[in-house]
Amino acid sequence: MEWRDEGVVLSVKSHGETSAIVELFTSEHGRHAGLVRGGASRRMKPVLQPGNTVSATWRARLPDHLGNFTIDLGRARAGILMDDPLSLAGLSGACAVVSALPERERHTALYEAFIVLLDTLEEVDVWPAVFVRFELGLLQELGFGLDLTKCAATGKTDDLIYVSPKTGRAVSREAGEPYEKRLYRLPPFLVGGRVTAAEPEDVADGLRLTGHFLERYLFGPFHGRLPDARYRLIDRLSNAANAKTLGAQ
Amino acid sequence: MSSLSGPEIERLIQLLGKLPGLGPRSARRAVLHLVKKKQTLLEPLAVAMADAAEKAVICTTCGNVDTQDPCMICIDPRREPKSLCVVEDVGDLWALERAGAHKGRYHVLGGTLSALDGIGPEDLTIGSLLERASGDEIVEVILATNATVDGQTTAHYITDRLATTGVSVTRLAHGVPVGGELDYLDDGTLAAAMKSRRPV
């Protein structure tokens, strides 16, 4: 068995003294792990950092074996993002969220969205909203998509400002007001595929919304809770928003 | 396969084989060498190991390994008391000491934050670092964590936590190593070096 693909390093775990078990999110083979011989070496360590795009060749005798990766660096992102705490938190959060994907299942569209997210991580005003959209896409790709196109109660397509935590469907202002406290806020930048500027509180609402469904459908049943990296990302975004507000005053 | 030697020697081979850099074959060769030089090597080694096993302790102040608590570095009056260097592991502390690069004291974290391995802030010695940094003596905390995603995530987390203490927080530079040729550097290091360029 052998294939060659492009992928992004998600995680690296040392194996013995010299090797590493590397998990990649690949374009054609989904989330896939493999052994990298010499993965703990000085030459390979900078390559095997989460977020780096690599070109990988996977070889194994049988398809269900762990197999060996031969990896070449494509694009080094980790080194560029390391200095900025917010971008680094975004990178760690994104890699952690993708770990919810089932192994060895092809999700090419999601992979492309993941690359877009990673490529925007340097643009601090843009990527948090892209992150929320990516999480929505992840839910959609795995069959748990939210219906944010029309109101679940009235069928109206305008003034959608809530989401039901039970059904994942949008609810209009009029229908949702009596249950306001039990509903999630639907940030405007997620409505109708519109590209609108996302304020920090909109991003926070978006992360709250996607976090609920990610935990309910993907992480809860298998891991119990969302990854710590995602919680740290939310903390950091909230601190950055507070600092921005204080700076503006 | 029947063992080639007595159970005591086999056990020694087995234990040595667990050390970093040694496998079963190299452990067997090492043991053979030790047994051949019993008086000059094996017996002194056994005594040294017994001594180390009896006396080695982890310093409760900084996390260094020494034969006394607090360790030699923590009680050394010639050390700069205002500067505290935070490292991931004892190996990093020893590397900095070898280079003579830091004249102050240290704090060993005991690892990095890692979502994959489930290591959170409570698993590291961040609490005691905050206590030390909150004291009157410390003026600067130098974050010398590795230039990896986990290492830098930990450094940023500690920076946030230290914000309330009022100490100055610095970190090691990332970039071209001494003797490094640009042609041979990995893309990540080059990009980081370019980003951290400074006026000359």
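All conditions in (1) touching a strand residue (DSSP E or B) at 6+ places or on another chain (Cβ under 7 Å); (2) within 23 Å of B:Leu113 (Cβ to Cβ); (3) not acidic (Asp, Glu) hold for A:Gly168, with the sole exception of (2). Of the residues in region A:86-107, not one is of a type in the set (Ser, Thr, Tyr) and assigned to a strand (DSSP E or B).
Residue by residue through region B:129-139, note down the ones that are open to solvent by less than 60 Å² (accessible area, probe 1.4 Å) and either over 17 Å from the mean Cα position of the chain (by Cα) or not assigned by TED's automatic domain parsing to the domain that holds B:Lys82 (or both).
Keep residues of region B:129-139 that are open to solvent by less than 60 Å² (accessible area, probe 1.4 Å), which gives B:129-130, B:132-133, B:135, B:138.
Within region B:129-139, B:Leu130, B:Arg132, B:Ala133, B:Gly135, B:Ile138 meet the criteria.
Quick check: is even one residue across region A:185-197 open to solvent by less than 90 Å² (accessible area, probe 1.4 Å), out of contact with any Pro (no Cβ under 6 Å at 6 or more places or on another chain), over 30 Å from B:Ala163 (Cβ atoms) and at pLDDT 90 or above? Checked region A:185-197: at least one residue is open to solvent by less than 90 Å² (accessible area, probe 1.4 Å), out of contact with any Pro (no Cβ under 6 Å at 6 or more places or on another chain), over 30 Å from B:Ala163 (Cβ atoms) and at pLDDT 90 or above.
Specify the residue that is surrounded by the fewest Cβ atoms within 10 Å (Cβ to Cβ); the eligible residues are those in region B:140-159 that are at the interface with chain A (Cβ under 9 Å from one of its Cβ atoms) and hydrophobic (A, V, I, L, M, F, W, C). The selected residue is B:Ala147.
Remark: pairs (first residue in region B:99-123, within 11 Å of chain A (Cβ to nearest Cβ); second residue part of a strand (DSSP E or B); Cβ separation under 8 Å; 6+ apart in sequence or on different chains) = B:Leu113/B:Ile119; B:Leu116/A:Ser11; B:Leu116/A:Lys13; B:Asp117/A:Lys13.
Conditions (1) modelled with pLDDT under 95; (2) closer than 24 Å to B:Thr159 by Cβ; (3) basic (Lys, Arg), marked per residue:
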{"position": "B:Arg11", "(1), (2), (3)": "yes, no, yes"}
{"position": "B:Lys18", "(1), (2), (3)": "yes, no, yes"}
{"position": "B:Gly21", "(1), (2), (3)": "yes, no, no"}
{"position": "B:Pro44", "(1), (2), (3)": "no, no, no"}
{"position": "B:Ala48", "(1), (2), (3)": "no, no, no"}
{"position": "B:Cys85", "(1), (2), (3)": "no, yes, no"}
{"position": "B:Gly100", "(1), (2), (3)": "yes, no, no"}
{"position": "B:Val108", "(1), (2), (3)": "no, yes, no"}
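For B:Asp89, the conditions (1) at pLDDT 95 or above; (2) more than 14 Å from chain A (Cβ to nearest Cβ) all hold with the exception of (2). Residues that are surrounded by 19 or more Cβ atoms within 10 Å (Cβ to Cβ) and either closer than 23 Å to A:Gly143 by Cβ or within 14 Å of another protein chain (Cβ to nearest Cβ) (or both) within region A:198-224 comprise A:Gly206, A:Leu207, A:Leu209, A:Thr210, A:Gly211, A:Phe213, A:Leu214, A:Leu218, A:Phe219, listed in sequence order. Inside region B:161-185, residues that are open to solvent by less than 70 Å² (accessible area, probe 1.4 Å), within 15 Å of A:Met82 (Cα to Cα) and within 11 Å of chain A (Cβ to nearest Cβ) make up a count of 2.
Would you confirm, using the coordinates I've provided, whether A:Leu62 is assigned to a loop (DSSP other than H, G, I, E, B) and either away from every other protein chain (no Cβ under 14 Å) or open to solvent by less than 10 Å² (accessible area, probe 1.4 Å) (or both)? Spell out how you get there, then give the answer.
Numbers: assigned to a loop (DSSP other than H, G, I, E, B): yes; either away from every other protein chain (no Cβ under 14 Å) or open to solvent by less than 10 Å² (accessible area, probe 1.4 Å) (or both): yes.
So A:Leu62 passes the test.
Rundown of residues vs (1) within 28 Å of A:Asp119 (Cβ to Cβ); (2) of a type in the set (Ser, Thr, Tyr), yes/no style:
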{"position": "A:Ala152", "(1), (2)": "no, no"}
{"position": "A:Thr157", "(1), (2)": "no, yes"}
{"position": "A:Tyr179", "(1), (2)": "no, yes"}
{"position": "A:Glu199", "(1), (2)": "yes, no"}
{"position": "A:Asp202", "(1), (2)": "yes, no"}
{"position": "A:Leu207", "(1), (2)": "yes, no"}
{"position": "A:Asp228", "(1), (2)": "yes, no"}
{"position": "A:Ile234", "(1), (2)": "yes, no"}
{"position": "A:Asn242", "(1), (2)": "yes, no"}
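B:Gly188 satisfies every condition listed in (1) surrounded by fewer than 21 Cβ atoms within 10 Å (Cβ to Cβ); (2) modelled with pLDDT under 95 except (1). For region A:134-156, how many residues are open to solvent by 20 Å² or more (accessible area, probe 1.4 Å) and touching a residue at least 60 places away in the same chain (Cβ under 8 Å)? Matching residues across region A:134-156 total 4. Residue count for region A:82-94 satisfying the condition of being more than 8 Å from every other protein chain (Cβ to nearest Cβ) and either closer than 16 Å to A:Gly7 by Cα or open to solvent by 10 Å² or more (accessible area, probe 1.4 Å) (or both): 3.
Once region A:65-80 is narrowed to residues that are within 12 Å of chain B (Cβ to nearest Cβ) and over 22 Å from B:Ile119 (Cα atoms), the residue that is surrounded by the fewest Cβ atoms within 10 Å (Cβ to Cβ) is A:Asp72.
Inside region A:57-77, residues that are closer than 26 Å to B:Ala193 by Cα and touching an Asp or Glu at 6+ places or on another chain (Cβ under 9 Å) make up a count of 5.
Taking first residues from region A:225-240 that are on the phi < 0 side of the Ramachandran plot and more than 7 Å from every other protein chain (Cβ to nearest Cβ) and partners that are of a type in the set (A, V, I, L, M, F, W, C) and surrounded by fewer than 21 Cβ atoms within 10 Å (Cβ to Cβ), the Cβ contacts under 6 Å between residues at least 6 apart in sequence or on separate chains come to A:Leu226/A:Phe219; A:Arg236/A:Leu86; A:Ala240/A:Leu86.
Just for region A:1-38: of the residues that are in a loop (DSSP other than H, G, I, E, B) and more than 13 Å from chain B (Cβ to nearest Cβ), which one is nearest to A:Ile115 (Cα to Cα)? The selected residue is A:Ser27. Please go through region B:126-150 and pick out each residue that is touching a Ser or Thr at 6+ places or on another chain (Cβ under 6 Å), modelled with pLDDT under 95 and of a type outside the set (D, E, K, R). B:Ala133, B:Ser134, listed by residue number.
The values are calculated or read from the model by the stated rules, or taken from the named source; none is laboratory data. The structure displayed is predicted, hence computed values, not measured ones. Don't worry about glycine lacking a Cβ; one is built from the backbone with ideal geometry, like all the others, and counts go over all protein chains shown. Each accessible area value is taken on the protein alone, full model and side chains, heavy atoms only, with ligands, DNA and RNA left out. Shrake-Rupley method; radii C 1.70, N 1.55, O 1.52, S 1.80 Å.
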